[in-house]
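One structure below.
The values are calculated or read from the model by the stated rules, or taken from the named source; none is laboratory data. From a predicted model like this one, the values you see are computed outputs, not experimental measurements. Positions of Cβ are backbone-derived with ideal geometry, glycine not excepted, and every protein chain shown enters the neighbour counts.
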């Protein structure tokens with residue numbers, strides 16, 4: 001459904017070299033890799049924040065450059081890494097902004113929009129502070145607000161750039177569970193850049209491992225997260241086992 | 001015998017010489033020279049004169065190379081027939097036409113010291129607004145500066161012309177200029193004495209920079225009254241006025257300067273364009289130089305105003 | 001409480017604000033050097049309103065009073081109203097686009113460009129009158145447009161206009177043009193006063209044609225920006241986020257800049273440079289009503305109009321018959337009020 005063919009991008013230096021990825025609808029993808037390997041840039045070229053130098057990107061067989069911004073916004077939502085907002089909007093207002101692509105020019109938010117926003121806030125457990133100003137929230141709470149906004153956008157694809165890095169473990173699992181639910185129940189394609197290998201293994205159907213501006217390995221967690229590969233990419237010695245409760249791959253560095 | 005006679009004759013000759021030289025020196029020892037008496041026609045040098053900056057300036061002999069830095073003074077020099085002595089003038093001294101041939105040395109506020117020195121003047125005559133630092137600089141370079149300025153009224157002008165006459169050795173001509181001006185003024189006063197006084201407003205400035213006119217205590221305001229008009233702005237002193245007041249007063253006659261396309265500007269200006277004087281063709285132009293410059297043309301200026309205010313009397 | 005929930009509350013407050021504006025206009029019309037009573041003021045204004053004017057007789061009122069009120073005071077009050085609204089709205093939208101609370105309407109070189117155009121005309125082309133009108137507003141307008149165009153193109157990279165580069169470009173050009181103006185003043189001492197008075201901003205020469213010109217440019221522009229106020233909100237999230245929510249960021253910036261430049265150029269050419277309004281009004285409104293541009297934009301327009309009418313009235317009545325340039329009043333009276341609001345906000349934060 002998303003095809004990335006031979007894509008290159010550079011900005012003062014090469015950041016993405018010859019990227020070839022195929023994203024299938026309805027799957028949960030996680031993008032991993034050391035710092036500076038090009039993960040965030042990959043997301044940004046997908047969301048059209050950056051223009052690629054070489055190659056093509058297709059979404060449902062339509063070339064990305066031909067898709068209008070407004071149309072793309074109905075198909076793809078982005079949860080950015082940086083959630084600082086200097087302006088004093090309420091949580092509810094921020095989540096409602098997710099409805100923008102669906103609200104016609106001269107109309108206001110409808111009852112339905114309010115419902116969808118409420119639902120998104122309940123999923124991410126932030127409904128209770130919907131009237132608080134976003135600047136008064138902690139980093140973790142802010143992240144949940146931005147995830148809620150993406151959920152409210154009701155798109156078929158959600159891109160997330162380190163969505164859980166500021167959360168405590170309880171909320172980390174909570175958000176990942178919710179994303180997994182959306183993925184399973186509503187068939188929403190999730191593409192999330194993550195740092196935590198174990199969470200990626202636990203939730204991802206598919207891992208894209210980036211290293212040195214290229215895709216190093218692309219496959220299931222079992223295929224990608226091997227001692228050999230992790231050693232080469234991260235320079236770490238690890239012991240790989242399986243989580244006895246879930247059966248998912250579990251990595252333990254030593 | 002012969003020896004004694006020659007000694008006596010020599011002795012007598014010497015005495016005669018002394019007497020004659022003593023006589024010759026007499027005026028030099030008399031320090032109270034005519035700085036105020038207007039009737040004396042013979043100017044004798046060295047002349048000691050107190051200028052309007054309260055400085056005492058001694059003029060050794062009749063100046064042959066004069067620089068004038070003020071339009072009224074330049075006009076004065078030419079009126080006194082001493083235009084040929086001018087070797088320098090200010091940028092703004094544009095009357096009479098002969099003056100335009102004289103080299104310029106800057107203006108009252110920013111005179112070019114270098115230029116002045118280059119022209120080797122015997123005397124620099126200027127008026128009150130002259131840059132005070134420049135005076136000091138010139139005096140340090142041994143150049144005499146005389147500042148002539150007086151009250152802004154006809155008497156002041158007469159005084160200035162008279163003093164100027166003394167300085168350039170043209171006292172007789174000065175008196176005649178003054179007499180002519182006085183006559184003109186009194187003729188005009190008589191002519192308009194019994195005429196009905198229209199309200200007159202002098203447009204000194206208008207538009208974005210503000211509305212300015214000749215207030216009650218200004219010379220132009222005075223001249224309007226002498227010329228047989230009633231100054232519409234005699235409820236203020238100074239030069240600042242208000243557009244609303246002007247519209248309220250709705251004067252009979254408006255006088256503006258011929259220069260800077262003032263008339264056109266006023267005709268299109270907010271407030272002004274609704275005045276009856278502007279709508280009725282009574283917005284009249286005048287050469288502002290002859291009413292603003294405190295010089296020999298001032299009586300002509302009064303006449304010009306009178307002609308605008310009472311055209312029917314000057315057919 | 002979201003915008004939706006508070007909508008009816010905002011509507012009510014807005015209506016009160018409009019009513020307040022009307023009152024301010026009528027009261028301001030009553031102030032001035034000429035001696036006109038409140039009753040006469042009301043009668044004269046009513047005589048110009050269709051239908052009502054049939055019941056009004058102006059007998060006993062001096063013709064000059066009518067002229068003063070209708071041709072002198074009313075145009076300048078209406079002009080102040082529109083200029084205040086325009087500057088505040090442009091200030092609000094620039095603060096949104098630049099995400100910089102210090103952005104004011106003159107940031108893109110409009111003011112110095114207009115001033116240079118006006119200065120050149122004052123020094124060289126004084127004699128030319130076009131259809132009885134002075135060339136100065138025309139050349140100010142042209143100067144403003146050319147300068148903004150220059151600033152914009154210096155900063156542009158393809159279709160994108162990086163906001164920081166735009167700001168820096170505007171600042172640099174402002175300095176350059178201001179220096180040129182100072183240079184021209186050095187060589188044309190006689191014009192210094194006129195140039196300075198023009199730059200200080202005033203409504204003293206406001207005419208009905210100025211009012212109509214500004215109405216035609218400002219009202220549609222402010223309406224346009226109001227319609228896009230939701231987009232402006234989203235721009236505050238950052239350009240990437242805005243794009244992901246469907247905003248054509250580059251196109252949006254371009255529209256806002258073009259419309260704002262047009263408005264500010266028109267304003268500056270007609271009334272000179274009136275500073276601080278574009279900063280103080282949006283921030284004051286935000287301190288009262290919050291950051292949602294769907295609220296801030298219309299209320300800034302209203303607040304700016306009222307604020308500037310009051311400043312203009314003060315400029316006329318403080319030292320009669322002199323007028324203090326209105327740009328001075330906006331700072332002298334605006335700053336203490338702004339500091340008071342800052343103080344209140346500070347206390348709330350603690």
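State which residue is farthest from the other protein chains (Cβ to nearest Cβ) when the search covers only region A:26-37 and only residues that are in a loop (DSSP other than H, G, I, E, B) and in contact with a helix residue (DSSP H, G or I) (Cβ under 9 Å, 6 or more places away or on another chain). Applying the filter and picking the extreme gives A:34. Of all residues in region B:88-116, those satisfying the criterion of being in contact (Cβ under 8 Å) with a residue 12 or more places away in the chain, surrounded by fewer than 19 Cβ atoms within 10 Å (Cβ to Cβ), closer than 21 Å to residue B:140 by Cβ and away from every other protein chain (no Cβ under 14 Å) are B:113, B:115. I'm told residue A:58 meets every condition in (1) assigned to a loop (DSSP other than H, G, I, E, B); (2) more than 14 Å from residue A:150 (Cβ to Cβ); (3) touching a strand residue (DSSP E or B) at 6+ places or on another chain (Cβ under 8 Å) except one. Can you identify the failing condition by its number? Going through the list (1) assigned to a loop (DSSP other than H, G, I, E, B); (2) more than 14 Å from residue A:150 (Cβ to Cβ); (3) touching a strand residue (DSSP E or B) at 6+ places or on another chain (Cβ under 8 Å), residue A:58 breaks only (1).
Just a yes or no: is a residue in region C:100-116 within 14 Å of another protein chain (Cβ to nearest Cβ), at pLDDT 90 or above and surrounded by 15 or more Cβ atoms within 10 Å (Cβ to Cβ)? Step through it out loud before you land on a result.
Narrowing region C:100-116 to residues within 14 Å of another protein chain (Cβ to nearest Cβ): C:100-103, C:114-115.
Narrowing the set further to residues that are at pLDDT 90 or above leaves C:114-115.
The next check asks that each one be surrounded by 15 or more Cβ atoms within 10 Å (Cβ to Cβ); those that pass are C:114-115.
Yes: one or more hits.
Mind checking which residues of region A:77-97 are more than 7 Å from chain C (Cβ to nearest Cβ) and crowded, with 21+ Cβ neighbours inside 10 Å? A:79, A:83, A:91, A:94, A:95, listed by residue number. If you go through region A:105-120 and pick out every residue that is surrounded by fewer than 16 Cβ atoms within 10 Å (Cβ to Cβ) and within 11 Å of chain C (Cβ to nearest Cβ), you end up with 6.
Which one of these is part of a helix (DSSP H, G or I), in contact with a strand residue (DSSP E or B) (Cβ under 6 Å, 6 or more places away or on another chain), under 25 Å from residue A:96 (Cα atoms) and within 10 Å of another protein chain (Cβ to nearest Cβ): C:250, C:233? Before the answer, list the steps.
Working: C:233 fails: in contact with a strand residue (DSSP E or B) (Cβ under 6 Å, 6 or more places away or on another chain).
Only one candidate qualifies: C:250.
Just checking, does region A:38-54 include any residue being touching a residue at least 24 places away in the same chain (Cβ under 8 Å), part of a strand (DSSP E or B) and more than 14 Å from chain C (Cβ to nearest Cβ)? There is at least one residue in region A:38-54 that is touching a residue at least 24 places away in the same chain (Cβ under 8 Å), part of a strand (DSSP E or B) and more than 14 Å from chain C (Cβ to nearest Cβ).
Residue check: is residue A:94 touching a residue at least 12 places away in the same chain (Cβ under 8 Å), under 30 Å from residue A:35 (Cα atoms) and not in a helix (DSSP H, G or I)? Steps first, please.
Values: touching a residue at least 12 places away in the same chain (Cβ under 8 Å): yes; under 30 Å from residue A:35 (Cα atoms): yes; not in a helix (DSSP H, G or I): no.
Considered against the rule, which asks whether it is touching a residue at least 12 places away in the same chain (Cβ under 8 Å), under 30 Å from residue A:35 (Cα atoms) and not in a helix (DSSP H, G or I), residue A:94 comes out as no.
Exactly one residue out of A:132, A:186 is more than 13 Å from the chain's Cα centre (by Cα), farther than 25 Å from residue A:73 by Cα and surrounded by fewer than 17 Cβ atoms within 10 Å (Cβ to Cβ): that is A:132. Restricted to region C:177-212, and to residues there that are loosely packed, with under 14 Cβ neighbours inside 10 Å and away from chain B (no Cβ under 11 Å), the residue that is farthest from residue C:123 (Cα to Cα) is C:212.
Within region C:282-296, does at least one residue satisfy the condition of being under 25 Å from residue C:31 (Cβ atoms), touching a residue at least 24 places away in the same chain (Cβ under 8 Å) and in a loop (DSSP other than H, G, I, E, B)?
Initially, region C:282-296 is screened for residues under 25 Å from residue C:31 (Cβ atoms), giving C:284.
Restricting the remaining residues to those that are touching a residue at least 24 places away in the same chain (Cβ under 8 Å) gives C:284.
If we keep only those that are in a loop (DSSP other than H, G, I, E, B) as well, we get none.
Within region C:282-296 (the criterion being under 25 Å from residue C:31 (Cβ atoms), touching a residue at least 24 places away in the same chain (Cβ under 8 Å) and in a loop (DSSP other than H, G, I, E, B)), the answer is no, since none of the residues qualifies.
When you go through C:16, C:26 one by one, which is the residue that is more than 18 Å from residue C:298 (Cβ to Cβ), modelled with pLDDT of 80 or more and assigned to a helix (DSSP H, G or I)? Can you show your working first?
Values: C:16 fails: more than 18 Å from residue C:298 (Cβ to Cβ).
It is C:26.
Given the criterion farther than 30 Å from residue A:153 by Cβ and touching a strand residue (DSSP E or B) at 6+ places or on another chain (Cβ under 6 Å), identify the matching residue among C:315, C:271, C:244, C:322.
Details: C:315 fails: touching a strand residue (DSSP E or B) at 6+ places or on another chain (Cβ under 6 Å); C:271 fails: touching a strand residue (DSSP E or B) at 6+ places or on another chain (Cβ under 6 Å); C:244 fails: farther than 30 Å from residue A:153 by Cβ.
That would be C:322, the only listed residue that is farther than 30 Å from residue A:153 by Cβ and touching a strand residue (DSSP E or B) at 6+ places or on another chain (Cβ under 6 Å).
Does region A:149-175 hold any residues that are within 12 Å of residue A:124 (Cβ to Cβ) and modelled with pLDDT of 90 or more, and which are they? Hits for region A:149-175 are A:149, A:150, A:151, A:152.
The set of residues in region A:61-76 that are more than 11 Å from chain C (Cβ to nearest Cβ) and outside any loop (DSSP other than H, G, I, E, B) comprises A:62, A:63, A:64, A:65, A:66. Does residue C:43 fit the bill of being farther than 27 Å from residue C:322 by Cβ, in contact (Cβ under 8 Å) with a residue 40 or more places away in the chain and away from chain B (no Cβ under 14 Å)? So residue C:43 does not fit the description; no.
Of all residues in region C:57-80, none satisfies being surrounded by 24 or more Cβ atoms within 10 Å (Cβ to Cβ), within 30 Å of residue C:234 (Cα to Cα) and either within 16 Å of the chain's Cα centre (by Cα) or more than 13 Å from chain B (Cβ to nearest Cβ) (or both).
Tell me whether region C:256-268 contains one or more residues that are without any contact (Cβ under 8 Å) to a residue 40 or more places away in the chain and either within 14 Å of chain A (Cβ to nearest Cβ) or surrounded by 20 or more Cβ atoms within 10 Å (Cβ to Cβ) (or both). Checked against the condition, which is being without any contact (Cβ under 8 Å) to a residue 40 or more places away in the chain and either within 14 Å of chain A (Cβ to nearest Cβ) or surrounded by 20 or more Cβ atoms within 10 Å (Cβ to Cβ) (or both), region C:256-268 yields at least one hit. Screening region B:180-289 for helices (runs of 4 or more DSSP H) wholly inside it with 3 or more residues that are farther than 22 Å from residue C:194 by Cβ and out of contact with any helix residue (DSSP H, G or I) (no Cβ under 8 Å at 6 or more places or on another chain) returns the ranges B:219-226.
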